[in-house]
Amino acid sequence: MDINYDLYKMFYIVANCSTITEAAKKLNISQPAVTKAIKNLELQLNGTLFIRTKTGIKLTENGKKFYNYISPAIEQIQDAPNLFDNINKIETGEIKIGTSNTVLKYFLMPYLKKYSRLFPNVNISIEESYTPELINMVKNGSLDIAIIYANDDDKKLEGLKILKLQILNYCFIGNKKYKNLSNKVISFNELKNESLILNTINPIQTSLLNDSKYIAHINLASHSLVYEFVKEGFGIGLVIKEFIKDKLDDKNLYEIKIKEDFQPLNLILVINKNSFPTYATSQLINIIKNKEDEK
């Protein structure tokens, strides 16, 4: 099927607008011309791309899939004139990344090491903050990317492109004095009688703790701090299992299994949907994405 590139480009622009009128202004053509072009594309594809409503237009399910498929190519073509300029600027460029201390330490650090070896003259700025603040900073352009815990259907993520990185799981851990608990599966009600160490800055995604009136023995600002306090024997801590797997192998820490299930965490990378990433930013994203593809 030989479809004119201009139709793809027009579809892409219309999909990023809420009305045909808005799209026509951006394309600098008449509304009827836009409508005709979209109908022409739908005929060639033998499918419906948009639903017309009283308030505007929205993509059909097939339209969303079509958009997700062609948008990377359209964006690369649109950004092509900046390619060489960005390559030249990368020698003295900067990339601004938002994340948490835990994600930086246990997930992002290996990628940053590789990136620094490949692009030694690029300055790297790290902003540590809460997820809502990091989302706002990506939206207003203060950050190039953010790596956060979030569900990809979170309304706060509207206007952002999402790259799913990893599904993470919570688990309880204790040091040697809790070894006896690691040999069985207990209920949360049994466990909460122990001294619990929790991270209360990032909300725990489980009804076990949210619905309980139990107050933790120690509340800390990051998952990595929870691990440190557990290691020193202050109590049983709730941590992200994937980040401390190697620590469980040395037999100084033990996983304490409970009967109830925790809701998994989604680790995602987000960038602003309305702007193109610089060459420097694209290279870091590629390093992270390619490494994730190998897993």
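The values are calculated or read from the model by the stated rules, or taken from the named source; none is laboratory data. Because the structure is predicted, anything quoted here is derived from the model rather than measured. Don't worry about glycine lacking a Cβ; one is built from the backbone with ideal geometry, like all the others, and counts go over all protein chains shown.
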Mind checking whether some residue in the stretch 241-248 is crowded, with 17+ Cβ neighbours inside 10 Å, assigned to a strand (DSSP E or B) and either modelled with pLDDT under 90 or in contact with a Phe, Trp or Tyr (Cβ under 9 Å, 6 or more places away or on another chain) (or both)? no
So how many residues does the stretch 137-160 have that are at pLDDT 85 or above and in contact with a Leu (Cβ under 9 Å, 6 or more places away or on another chain)? 10
Report yes if N46 is outside the structural domain of S224 (by TED's automatic domain parsing) and modelled with pLDDT under 90, otherwise no. no
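Can you tell me how many residues within the stretch 30-62 are closer than 17 Å to D6 by Cα and part of a helix (DSSP H, G or I)? Show your work before the answer.
In the first step, residues of the stretch 30-62 are kept if they are closer than 17 Å to D6 by Cα; the result is 30-45, 49.
Remaining after also requiring part of a helix (DSSP H, G or I): 31-45.
So the answer is 15.
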Contact list please: Cβ distance under 9 Å, first residue in the stretch 16-31 and among the charged types (D, E, K, R), second residue outside any helix (DSSP H, G or I), pairs at least six apart or on different chains. E22/G56; K25/C17; K26/N16; K26/C17
So which pairs qualify, if the first residue must be in the stretch 155-183 and aliphatic (A, V, I, L, M), the second must be at pLDDT below 90 and part of a loop (DSSP other than H, G, I, E, B), the Cβ gap must be under 7 Å, and the two must be at least 6 apart or on different chains? L157/A150; L160/K273; I162/D152; I167/P264; L168/P264; I173/L253
Just to be sure I understand the filter: pairs with C-beta atoms under 6 Å, separated by 6 or more residues or on different chains, first member in the stretch 258-284 and of a type in the set (D, E, K, R), second member in a loop (DSSP other than H, G, I, E, B). Which pairs pass? K259/S187; K273/G159
All but one of (1) buried (at least 20 other Cβ atoms within 10 Å of the Cβ); (2) of a type in the set (A, V, I, L, M, F, W, C); (3) in a helix (DSSP H, G or I); (4) at pLDDT below 90 hold for L209, so report the exception by its number. (1)
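For the subset of the stretch 153-171 comprising residues that are in a helix (DSSP H, G or I) and touching a helix residue (DSSP H, G or I) at 6+ places or on another chain (Cβ under 9 Å), which member is farthest from V270 (Cα to Cα)? First the steps, then the outcome.
Start the filter on the stretch 153-171 by keeping residues that are in a helix (DSSP H, G or I), which leaves 155-157.
Keeping just the survivors that are touching a helix residue (DSSP H, G or I) at 6+ places or on another chain (Cβ under 9 Å) gives 156-157.
Details: K156: 11, L157: 8 Å.
Here the answer is K156.
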Farther than 21 Å from I244 by Cα, within 24 Å of the chain's Cα centre (by Cα) and not assigned by TED's automatic domain parsing to the domain that holds S18 - does that describe any residue in the stretch 103-115? yes
Output for the stretch 105-132, where each listed residue is aliphatic (A, V, I, L, M) and surrounded by 17 or more Cβ atoms within 10 Å (Cβ to Cβ): L108, L112, V122
